[in-house]
Amino acid sequence: MRFREAIIGFIQLITRSKLSSFGALITTVVFPVLAFLVILDIQGYIHNPYFKLFIYMFLGPAMIFGLILVAVGIFFGKQSIFRYEYVKEYFSDPSRFQQARQIILLVVFLTVINVIIITLISYGGYHYTESVSFCGELCHKVMKGEYTAYQNSPHSRVACVECHIGPGASWWVKAKISGLKEVWAYLTNSYPRPIPTPVKALRPARETCEECHRPEFFHGDKLKIKDKFLDDEHNTHVRSVMLLKVGTGGFRGMRAQGIHWHVSHDNKIIYRYADEARQQITEVILEKADGSRMIFHSPDFEQSSSPQQEEQEGKEVRHREEGGKHQRIMDCMDCHNRPTHIYLSPEEAIDQLMITGEIPTELPYIKKVALEVITPPYRTTQEAKDAIRTKIRAWYKEHYPNIVEENNPLLEKAIHGVITAYTENVFPEINIQWNTYVNFLSHDGCFRCHNEELETKAGEVISQDCELCHVILAEDEKEPEILKQLQCE
Ligand code: HEC
Ligand code: HEC
Ligand code: HEC
Ligand code: HEC
Ligand code: HEC
């Protein structure tokens, strides 16, 4: 009975204010739907990213908004319970006082429930906005390229946020703020196509990549075998073999060496670049643990006028964080700028699908024909698909009419494979064509610094010796001798 009175009292309390009533209405309508959906989601039944967006970005906030209105109405409305007469009325009459106690108990009870629900919503919402589905699928038009390339990469099981945000609250907040801007750009259709790199708000690689990879532990050399197909009639399968000097960042007395020498904590490489894409490097400063420095300049770099000034600039660099203007401390990303959004070159894309058999190697000249038809720029994916199909058919009709007539399935398979090679790497709708994004893990990346242009005052350059980074053991050979020796065959 008493409980009923308390509820009635509470309802009266709410209905005294229009604002509270309105808030209560929203909450009452939203609550059951929301609770049901959140439970379904947490159980893993909901997969549609738009639906999750609706739950966490619309229903969740709506309910919280309703609760806030209720509280504001009760405490600060015209009929606020803080008014003197109101308090007096309750405290002077014992039976009223009893009711007030009940109401307070009820409110405490409801608050506990609300806190639980809000926690659930926040938990679900937090996980949702951290999920690969939110990042990669929700704005699928914008992220189509990144998402597709990601799924085909070694990091396809690493969530987007692991690299793009990393641990800790401050980066989380930064990311959400820039995320809001992105949502706005998406809604107003004003986002850039393609999305420009380098990503300005990307957290320094040393804090993200090194959560999982420790440079001091990369040891030794790595044997890398590359399969390729020549553009002759038989699509001859050849291989290149190289020993990559992956090296280490140095660990417990082991000297830093090889390619990962750059990320040793003893070396600091700071460089200046002339363009946004960081492709033209004009100055490289190498600081070693013993405090010695080497400064390499390109000929057109304006020399700092005095040693003091240089010293001053060095200090500035040290204090300046990642993203200082046109200046950067080298880290993983200066080589691994495409750890997961790996767009292949036309040749690589075709070779990979030939190795798996998706493009049949028994079809004469398919490597040559495939390369010819996927390379030109197309305006839409559909246009590309149609053109690839028509051109391949036309070519075989002219040169191998018997295949077109007798072995149509083989030809169809090849067409399908070639289209896959295209659609996995090129996204004309968002202006991602072949080679839109440069992969620095190649001569393009290394030779930005390892070249003849950058020189110290004494004329030293950063080495370009072919054996500095790798030993080429075989190049485009049908049966590399070295693989027999190593008994890889
Ligand atoms: C292994 C780490 C890693 C993961 C996982 C990852 N990214 Fe990236 N992402 C990067 C790096 C590194 C860059 C390039 C940064 C640069 O060049 O400055 C990048 C760039 C981007 C760009 C800019 C365009 C481009 O291609 O350079 C977008 C958009 C993007 N990522 C979205 C995503 C989405 C969506 C996911 C999840 C589906 C994801 N990323 C997962 C590391 C990662
Ligand atoms: C959450 C953990 C995690 C983070 C963060 C992460 N990686 Fe990885 N990385 C992995 C896993 C898992 C693999 C795949 C290992 C495998 O399957 O052999 C991998 C593989 C790699 C490889 C080897 C690729 C190959 O071809 O075999 C490279 C290079 C690499 N990561 C670089 C990076 C860089 C650079 C970053 C920072 C942008 C980064 N990773 C961030 C977990 C991570
Ligand atoms: C100077 C360029 C450069 C820098 C800087 C660099 N790497 Fe690498 N890394 C390479 C090259 C080249 C390879 C070999 C790639 C291959 O196998 O094709 C490699 C290989 C790797 C591998 C795979 C190792 C294996 O045995 O397969 C991982 C993981 C990796 N790097 C992570 C990192 C991380 C994390 C950082 C930053 C702390 C980093 N790298 C900095 C160039 C670099
Ligand atoms: C931002 C400039 C820069 C880039 C980019 C760069 N390097 Fe270097 N690298 C240097 C400097 C500086 C040295 C030291 C030169 C010296 O000591 O004379 C060096 C030295 C090396 C060494 C010798 C390390 C040792 O054991 O002493 C190797 C190996 C190497 N780089 C490989 C690479 C590879 C592979 C890439 C591309 C994936 C690359 N570098 C990209 C600046 C760079
Ligand atoms: C600063 C480091 C560095 C130097 C110096 C260097 N390379 Fe490379 N080279 C690389 C890297 C990194 C790759 C890409 C490895 C991979 O695919 O993972 C590569 C790949 C190659 C390949 C294989 C290409 C392919 O995809 O089949 C050949 C061939 C090659 N280099 C030849 C040379 C020759 C010849 C020289 C001397 C003029 C040279 N390199 C100097 C870093 C270097």
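For segment 468-474, 3J(HN,Hα) computed residue by residue from phi via the Karplus equation (6.51, -1.76, 1.60; θ = phi - 60°) reads 5, 9, 7, 10, 7, 9, 7 Hz, glycine and proline entered as x.
When both segment 174-206 and segment 359-393 are represented by their alpha-carbon centers, they are found 34 Å apart.
Here the relative contact order of segment 346-430, from alpha carbon pairs under 8 Å that lie six or more residues apart, stands at 43 percent. Computed over protein heavy atoms with a 1.4 Å probe, the carbon and sulfur contribution to the accessible area of segment 28-183 reaches 72%. Looking at segment 48-87, the chymotrypsin sites (Phe, Trp or Tyr not before Pro) that sit in a DSSP loop and have at most 16 other Cβ atoms within 10 Å of their own Cβ are Phe82.
Only four residue types carry charge here, +1 at the Cβ of Lys and Arg and -1 at the Cβ of Asp and Glu. Report the dipole size of the chain about the Cα centre in Debye, rounded to the nearest 20. Walk me through the numbers on the way to the answer.
Values: 53 positive and 62 negative charges, 671 e Å.
My answer is approximately 3220 debye.
Dipole of the chain computed with +1 at Lys/Arg Cβ and -1 at Asp/Glu Cβ about the Cα centre; of Thr380, Ala35, Ser292, farthest Cα towards the positive end is Ala35. Using the Cβ of Cys160 as centre and a radius below 11 Å, the other residues enclosed give a net charge of -4, where K and R count +1 and D and E count -1.
For the peptides 421-429, 475-483, the ranking by mean Cβ contacts within 10 Å, running from highest to lowest, is 421-429, 475-483. Restricting the GluC sites (Glu not before Pro) of segment 135-186 to loop positions (DSSP other than H, G, I, E, B) with no more than 15 neighbouring Cβ atoms within 10 Å leaves nothing. Remark on Thr282: its backbone amide H falls under 5 Å from those of Arg272, Tyr273, Ala274, a criterion applied only to residues 5 or more positions apart or on other chains, H modelled at 1.01 Å from N.
Whole-Hz Karplus values for segment 107-118 come out as 5, 4, 4, 5, 4, 4, 4, 4, 4, 4, 5, 5 Hz, taken residue by residue from phi with 6.51 cos²θ - 1.76 cosθ + 1.60 and θ = phi - 60°; glycine and proline positions read x. Could you state the number of Å between the C-alpha centres of segment 429-489 and segment 31-61? Spelled out, the Cα-based centre of one part sits 49 Å from the other. With only the Cα atoms considered, the chain has a convex hull volume of 259 Å³ per residue.
Evaluating 6.51 cos²θ - 1.76 cosθ + 1.60 at θ = phi - 60° for every residue in segment 421-429, the Karplus couplings come out as 4, 6, 6, 7, 10, 10, 9, x, 4 Hz, glycine and proline recorded as x. Other residues lying with their Cβ under 12 Å from the Cβ of Arg96 contribute a combined charge of -1, Lys and Arg counting +1, Asp and Glu -1.
Do the alpha carbons of any pairs in Lys141/Lys200; Lys222/Lys391; Lys224/Lys413; Lys226/Lys413; Lys224/Lys368 sit beyond 31 Å of each other, and which pairs? Could the numbers behind the result be given before it?
Details: Lys141/Lys200 21 Å; Lys222/Lys391 40 Å; Lys224/Lys413 29 Å; Lys226/Lys413 24 Å; Lys224/Lys368 25 Å.
Pairs exceeding the cut-off: Lys222/Lys391.
Loop-located GluC sites (Glu not before Pro) in segment 337-375 (DSSP state other than H, G, I, E, B) with a sparse environment of at most 11 neighbouring Cβ atoms within 10 Å: Glu362. Of the residues Val161, Leu138, Tyr150, the one whose Cα sits farthest toward the positive end of the charge dipole of segment 134-195, with +1 on the Cβ of Lys and Arg and -1 on the Cβ of Asp and Glu, is Leu138. Amide H to amide H distances under 5 Å link Phe229 with Val238, where only residues 5 or more positions off or on other chains count and H is placed in the peptide plane.
What is the sum of charges, Lys and Arg at +1 and Asp and Glu at -1, for the other residues whose Cβ falls under 11 Å from the Cβ of Val246?
Working: positive: Lys222, Lys224, Lys245; negative: Asp221.
Result for the local shell: +2.
Taking a straight line from the alpha carbon of Lys78, these aspartates and glutamates sit under 19 Å away, with near neighbours fewer than eight places off in the same chain left out: Glu89. When the chain is described by a simple charge dipole with +1 on each Lys and Arg Cβ and -1 on each Asp and Glu Cβ, the residue from Leu53, Gly459, Gly179 located farthest towards its positive end is Leu53. For Leu473, the residues 5 or more places off, or on other chains, whose built amide H falls under 5 Å of its own are Val241, Met242, Leu243.
The values are calculated or read from the model by the stated rules, or taken from the named source; none is laboratory data. Quick caveat: nothing in here was measured; it's all calculated off a predicted structure. Don't worry about glycine lacking a Cβ; one is built from the backbone with ideal geometry, like all the others, and counts go over all protein chains shown. In case anyone asks, the SASA skips ligands and DNA or RNA and just uses the protein heavy atoms, side chains included. Shrake-Rupley method; radii C 1.70, N 1.55, O 1.52, S 1.80 Å.
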